[in-house]
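What follows draws every value from the coordinates through simple rules; no lab data is involved. For clarity, every value in this text was computed on a predicted model and none was experimentally measured. Reconstructed Cβ throughout: ideal geometry from the backbone, glycine too, with neighbour counts over all protein chains shown.
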Amino acid sequence: MSVMEIELWNDGLQLICGVDEVGRGPLAGPVTAAAVILPPCTMRNGIHDSKCLTPKRREELAGQIRSTAVAWAVESVDPETIDRINILQASLLAMKRAVLKLESQVDIVLVDGIKPIPDLDLRQLTVKHGDARCVSVGAASILAKVERDRMMCEYDAEYPQYKFARNKGYPTKEHRLAIHSHGPCAIHRKSFRLLPDGVIQGELRL
């Protein structure tokens, strides 16, 4: 259980919302965020940064989180919007949408990272590495990751040449070679471009 959340619960803040996003680094697909309010004194019980968990364990924990949470919500921002407003602003927008979608009051929002969510009329606290330090943010990380992976598997059926079910849109060698062979598809982020050592902002030029 997170020490930070224990202190907040002890201070009388019962409705603590953790929020996190996944999908900032891929070349394709949306950026997805989740917001989760867990019951006070929730134990960690394996909830951690989603990147540290196997897909099977994430699915198991996601089911437990959805069934026990006071409230939860998941929202995504599409590649076209990412291209228009940039990936940082799209990530913050996805988090804002997820928080606002909650069917519950919120006492405080714990935001993974160092930047607060703009134009959100709620008390916020940014937490660096929050998905590893706060159980509610870790839970949000898991729900966001499970949902985005599901979406990318659906896109794989539509665009099988890119193997999205396997790479989830990240710039693996296989994915980069597929883009060189077939060009970008409708869900590729055109504001990202490929370099031999990774991805930087700019147009997707091949």
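Per-residue HN-Hα couplings for region 157-169, Karplus 6.51 cos²θ - 1.76 cosθ + 1.60 at θ = phi - 60°, whole Hz, x for Gly and Pro?
Going residue by residue, I get 5, 7, 10, x, 5, 9, 6, 5, 5, 8, 9, 6, x Hz, with x marking Gly and Pro.
Give me the one-decimal nm value for the distance between modelled label points at Ala157 and Lys173, 7 Å along each residue's Cα-to-Cβ direction.
Result: 3.1 nm between the two label points.
With a sphere of radius 13 Å drawn around the Cβ of Leu15, what net charge do the other residues whose Cβ falls strictly inside it have (Lys, Arg +1; Asp, Glu -1)?
Details: positive: Arg123; negative: Glu5, Asp11, Glu103, Asp107.
So the surrounding residues net to -3.
Can you give the net charge of the other residues whose Cβ lies under 15 Å from the Cβ of Lys168, counting K and R as +1 and D and E as -1?
Working: positive: Arg24, Lys51, Arg58, Lys145, Arg148, Arg150, Lys163, Arg166, Lys173, Arg176, Arg189; negative: Glu21, Glu59, Glu147, Asp149, Glu154, Asp156, Glu158, Glu174.
Net local charge, Lys168 excluded: +3.
Please work out the C-alpha center-to-center distance from region 24-84 to region 162-176 and express it in whole Å.
Going from one Cα centre to the other spans 21 Å.
Tell me, what HN-Hα J-couplings in whole Hz come from the Karplus equation 6.51 cos²θ - 1.76 cosθ + 1.60 at θ = phi - 60° for each residue of region 53-64, using x for Gly and Pro?
Values per residue, Gly and Pro as x: 10, 6, x, 4, 5, 4, 4, 4, 5, 4, x, 5 Hz.
Please list log₁₀ I(q)/I(0) at q = 0.12, 0.16 Å⁻¹ for region 48-206, using the Debye equation with identical point scatterers on the alpha-carbon positions.
-0.60, -1.03
For a quick check: with amide H placed at 1.01 Å from N, whose amide H comes under 5 Å from Val70's, ignoring anything fewer than 5 positions away on the same chain?
Hits under the 5 Å cutoff: Ile37, Leu38.
Which one, Leu15, Val31, Ala73, projects farthest toward the positive side of the charge dipole computed for the chain from Cβ point charges (K/R +1, D/E -1)?
It is Val31.
Enumerate the amide H contacts of Ser191 below 5 Å, restricted to partners 5 or more residues apart or on another chain; note that Pro and chain-start residues carry no placed amide H.
Leu204
How many lysine pairs does the chain hold where the Cα atoms are under 15 Å apart and the two sit 8 or more places apart or on different chains? Before the final figure, lay out each step's value.
On the way: Lys51/Lys145; Lys51/Lys168; Lys56/Lys145; Lys96/Lys115; Lys115/Lys128; Lys145/Lys168; Lys163/Lys173.
Value for the chain: 7.
Give, to the nearest whole percent, the P(r) tail of region 13-119 beyond 25 angstrom, counting all Cα pairs.
Numbers: 1175 of 5671 pairs.
Of all Cα-Cα pairs in region 13-119, 21 percent lie more than 25 Å apart.
Karplus couplings for region 114-124 from phi (6.51 cos²θ - 1.76 cosθ + 1.60, θ = phi - 60°), rounded to Hz, Gly and Pro as x?
So the Karplus estimates, Gly and Pro as x, are 10, 10, x, 6, x, 6, 10, 7, 9, 5, 10 Hz.
What does the charge count around Asp156 come to, taking other residues whose C-beta lies under 10 Å from its C-beta (Lys +1, Arg +1, Asp -1, Glu -1)? Numbers along the way, then the final one.
Working: positive: Lys163, Arg166, Lys168; negative: Glu154, Glu158.
For residues surrounding Asp156, the net value is +1.
Rank-order 120-131, 23-34, 80-91 by packing density, defined as the average count of other C-beta atoms within 10 Å over each peptide's residues, highest first.
Highest mean packing first, the order is 23-34, 80-91, 120-131.
Taking H as built 1.01 Å from N, whose amide H comes closer than 5 Å to the amide H of Val31, not counting residues under 5 places away?
Val77
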